[in-house]
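The values are calculated or read from the model by the stated rules, or taken from the named source; none is laboratory data. Since we're looking at a predicted model, the values are computed, not measured. With ideal geometry, Cβ positions are generated from the backbone for all residues, glycine too; neighbour counts draw on all protein chains shown.
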Amino acid sequence: MENLDDRERKTQPSGQIVFTNKARCRDCYRCVRVCPVKAIRMHKGQAFVVEERCISCGTCIRECPQGAKSFRDDIERAVRLTAGGKAAASVAPSFVSVFSNWEQKRLASALRRLGFAYVAETAVGAYYVAHRTAEIAAARDQASICTACPAVVGYVERYRPEAVGMLVPVVSPMLAHAGIIREKLGADTPVVFIGPCVAKKAEADRPENAGLVNCVLTFQELLQWLEREGISLSGCEESRFDDEPSGEARFFPLSGGLARTASLETDMLAENVLSVSGFEEVAEVLDSLTQESSSLVVDPLFCRQGCINGPAVPGGKTLYDRRRQVIGYASTGEKAIMKEKTGSLEIRFKAGALPQDGDVPEADIMAVLERTGKTKPEDELNCGACGYNSCREKAVAVIRGMAEVEMCIPYMRRLAEQRTDRIIETSPNGIVILDERLHIISMNPAFRRFFMCSEAVCGRHISYLMDPELFERLAVGDEELVETTARHDNYNLICHQILYPLREDRQYVGIFVNITNSQASQEKLEEIRSQTVNQARELLENQVGMAQQLARFLGESTARSEELVQNLLRLAGDTPGEKGDKGIWDTSTSR
C-alpha cells in the first residue's frame, strides 16, 4: 500500500534538490525568514523554492515547523547502483554523531547487507584535502577561503562573485575520496556518498563533477533504506571499514576540523586562521575580507557548529552530544601520516550565472510601501515578520515577484481590525462594551440610536441608560451568558439581549436586537386573533339561535297546517277511510 511519503515524493520537481510539499505549507514565512539567500518565492500564500537561486544549504528543511520542505529522494538510484555488486560507499565522518558507539561498529556490516562491495570513511579523502588546502594557502598573497563545504562554495559563486578568487581551488573530501576509490577499484566503480548534507547532492550534479559520485544519500535516506529492507543494526555483526583515515581527519565535520587536520593553528585566538560556522558568521567574514587579510585562512562551514548540524541529520540528540561523540571517536584514531596521493585534487570555481536583479526605482519601492500604509519612514516597522529584514527589502522582493504585499503582518492586522470595526459600526444591532465596573467604554451607532444617547455617555455607569441587573449577574461570575427579551419603556423599545463577559480583558459586551416592531405586530396579531374568535363564537351562537327559532316556527307551521286540513275534511264530510268507497272521495256516481 502506498504511504504518504511515497505520494509526496511523486510530486517533487524532477531534478530539483530542495522543494516544497504544498499540502503541508502553512503560510508562516518561516522559510523566507531563514533562507540565507532569499530563494523562496511566495505566490498565493504558498512558498516555492526558486531552483536557480537556491544553494541547497537545506536551512529551510531544518527550520520548517511543518516539515513542508524536503529534498530529492535518491534511494531508488542507490538501489540500482548496488544491484551490480560493485558499488562503493563513502561514509561522511559525521556518521558518529548519528549512531551510538555500538551502532558505529555495525554500520559497515549493515551497508554490506544493502549490497555495497566496499565501505570506507570519507575522512580518507579529507586528509588529503586539508593538507593540499594548507599548501596552496601558504603560497598565496591573498586571503584563502577553504572549499570543503559545497554550500559555502555555492553561496560565494552566486552571491559573492567578488570573493570567488579567494576560494582555494581544491575539491571537497567527498570528491577526493571518490577519486581515491576509483583509482583503487577501477574507474567504473559506482560511488555512493552518505552524509548529513543536502548540498552534496547539488555538488555531485555539477557538470565538472559528472560521473565522479554517482549518488548522494543523506543519513535520513540511509535509515529509511535500512528500515525498508528490514535490516537492523542490532542484528548485524561488528566489522571494520575497508579503509580508514589516519591523522586527525575524523575531526573534519566540526568547526575548525580542516585546520586541525592540516596541522594549522587551531587556537581560537589564532591570527591567521579563522574557523567560522553558520551563515551569519560566514557572511560577516566575507564582508570583512580586505587586502589586509592576505595571510588569513578562513575555514567556513555553512551549518552552525559544522556538519554535525546538517539539515539531514536525524534528531534525538543535542548538538553538543553529537560534537562530543565526534571528538571521542576522532581522538581514538591513529596519528600516522598517510602516503602521498597521486591523483589531482584541484578544481576551478567561477561566478555563477545568477541573473543580476538590478536596481529598483525608488518610486516603485515607495508605491509598494504606500500599498501597505507606509507613507512615512516612521511607518516602516522593519519587524521582520514577513521574512525580510526591512520593509524596503520586502518591497523590492514584491517588485521582483518574490514576495506578496499581503505578507506584511502589521498591515494585514490593521486591515482585519478595520474590517471588524466596520462590521461593528454598520451593524443594525446595538453593541455596547463595559469595563469591569460596568462603565461604558464604547458603543456603536445603532446602540446610540436605540437608547437616544451620544458618545458623551461614555465613562458613565450603564445604569444611566438601563437597569444594570443583567450585567451585574455577569459581573459577580454567576453566569457566562445572559440571553433574554426585555422592555425599555423609557425608549419605547423592546430588545432581544445577549450579554457575555470578556474575562481576560475584564470587559462585558451587550448586543441588543430591536424587536419592537415585530413584538407590536405579534401583539396586534394576538388581538385580531382574539377578536376573530369572539366574533366567530357570537356568529355561531346567532346561527344556532336562528336555527332553533326556525325549527320552532317550522314545527308550529306544520302543526297548524295539519289542523287546518283536518278542519276542511270535517267540513267536507267524513274523514277519509271512514265510509269506504261511498264517501265524498268516490267519483263514480258523478258520471
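Key figures for this structure:
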quantity	calculated
Selection from region 36-54 of residues that are of a type outside the set (D, E, K, R) and farther than 13 Å from Gln16 by Cβ	Pro36, Val37, Ile40, Met42, His43, Gly45, Gln46, Ala47
From the options Cys146, Cys54, residue that is touching a residue at least 24 places away in the same chain (Cβ under 8 Å), in the same structural domain as Gly186 (by TED's automatic domain parsing) and crowded, with 16+ Cβ neighbours inside 10 Å	Cys146
Output for region 186-201, where each listed residue is of a type in the set (A, V, I, L, M, F, W, C) and at pLDDT 95 or above	Val191, Val192, Phe193, Ile194, Cys197, Val198, Ala199
Search result, residues across region 190-225 that are crowded, with 24+ Cβ neighbours inside 10 Å and among the polar types (S, T, N, Q)	Thr218
Residue list for region 75-108, restricted to those being surrounded by fewer than 18 Cβ atoms within 10 Å (Cβ to Cβ), touching a helix residue (DSSP H, G or I) at 6+ places or on another chain (Cβ under 9 Å) and of a type in the set (Gly, Ala, Ser)	Ser100
Count - residues of region 324-358 that are surrounded by 10 or more Cβ atoms within 10 Å (Cβ to Cβ) and at pLDDT 70 or above	17
One residue from Val216, Val168 being touching a residue at least 40 places away in the same chain (Cβ under 8 Å) and in the same structural domain as Leu81 (by TED's automatic domain parsing)	Val216
Count of residues meeting criterion [touching a Pro at 6+ places or on another chain (Cβ under 7 Å) and either in a loop (DSSP other than H, G, I, E, B) or at positive phi (or both)] in region 438-479	1
Any hit, region 410-432, residues being touching a His at 6+ places or on another chain (Cβ under 7 Å) and part of a strand (DSSP E or B)	no
Condition met for Ala486 (surrounded by 13 or more Cβ atoms within 10 Å (Cβ to Cβ) and within 43 Å of the chain's Cα centre (by Cα))	no
The lone exception for Glu8 - which of (1) touching a Ser or Thr at 6+ places or on another chain (Cβ under 8 Å); (2) at pLDDT 90 or above it fails	(2)
Residues of region 187-213 that turn out to be free of Cβ contacts under 8 Å to residues at least 40 places away in the same chain and either among the hydrophobic types (A, V, I, L, M, F, W, C) or touching a Lys or Arg at 6+ places or on another chain (Cβ under 9 Å) (or both), as a count	4
Residue that is farthest from Glu393 (Cα to Cα), among those in region 359-377 that are surrounded by 16 or more Cβ atoms within 10 Å (Cβ to Cβ) and β-branched (Val, Ile, Thr)	Thr372
